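Q: Before I ask anything, here is the structure I am working with.
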Amino acid sequence: PDGTITNFDNIALDTAAGKYFAINMGATGVYLVAGNMSDGSAIGTQISLNPKTTVADSYAINALAVDPQRHYIYFSVWGTETDSGIARVSYDPITGVINGGQPILTGTGTSATINPALYVVNEGNNGGADQFANATDFYLDVASNKLYFTATTYLNGAFYAGYPQTNGVYVVDLNAGTPQADRLSTFAGDPDHMMNAIAVVLRKRFERRW
């Protein structure tokens, strides 16, 4: 890691433990970092999420969530068609150490990838019509242990070639033995409207509890 905090692109908090977790777009790549909310100080060394030498060649990590009950960090991964999905790592709420201090990447050099064992859902094996890539926003319902998210490969006025061509709202039941992403709804064209849609879907879903 370059040790430089360049740009916190996503931040998630465990307020009970007093810890923050963030995606840092460093000068030479993408990193997962931890820190103390009390003074902003970093905990340990940044963990590399990409073996490439430039941010432009790195994984796109566009969503982050923390489960403060089960002490997990979830983050989206957009890489190749078979190396994209949602990954999960544990953290120690006392020390803030992520993934037991172990690397998240496996392999060596620029051919290293996210450890496949860390994927909760991998786009390449999600199957059926509910395949997705590039999860862009997370909502983790800690009580039900379900992760809701939006996903899109619609960029600059068109879908990105070689990936599932769907804008959608999805849910993953993390209680399942083999979690799968189920699509709740789809949208055509510009994904800027998706956050309004997910707000409606979530409101309707949680209203049923009362």
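Read-outs throughout are calculated quantities, based only on the coordinates presented, and are distinct from any laboratory measurement. Here the structure is a predicted model, which is why all the values come from computation and not from measurement.
Q: Tell me whether segment 23-110 comes out rounded, prolate or oblate; compute the Cα gyration tensor, take square roots of the eigenvalues as a ≥ b ≥ c, and use a/c under 1.5 as the rounded threshold.
A: Numbers: a/c = 1.86, a/b = 1.46, b/c = 1.27.
Prolate is the answer for segment 23-110, as a/c is 1.5 or above and a/b outweighs b/c.
Q: VAL30's amide H: which non-local residues (gap 5+, or another chain) put their own amide H closer than 5 Å, with H modeled 1.01 Å from N in plane and none for Pro or chain starts?
A: LEU49, ASN50
Q: What residues qualify as long-range amide H neighbours of VAL120, i.e. H under 5 Å apart, gap of 5 or more or another chain, H built at 1.01 Å from N?
A: Result for VAL120 returns ILE86, ALA87, ARG88.
Q: Kirkwood Rh over Cα pairs of segment 60-179 into Stokes-Einstein at 37 °C, 0.692 mPa s: D in µm²/s?
A: Numbers: Rh = 15.0 Å.
Rounded to a whole number, D works out at 219 µm²/s.
Q: Can you list the HN-Hα couplings for segment 34-47, worked out from phi with the Karplus curve (6.51, -1.76, 1.60; θ = phi - 60°), rounded to whole Hz and with x for Gly and Pro?
A: Ordered by residue, 3J(HN,Hα) equals 10, x, 9, 5, 5, 9, x, 5, 6, 10, x, 9, 4, 9 Hz.
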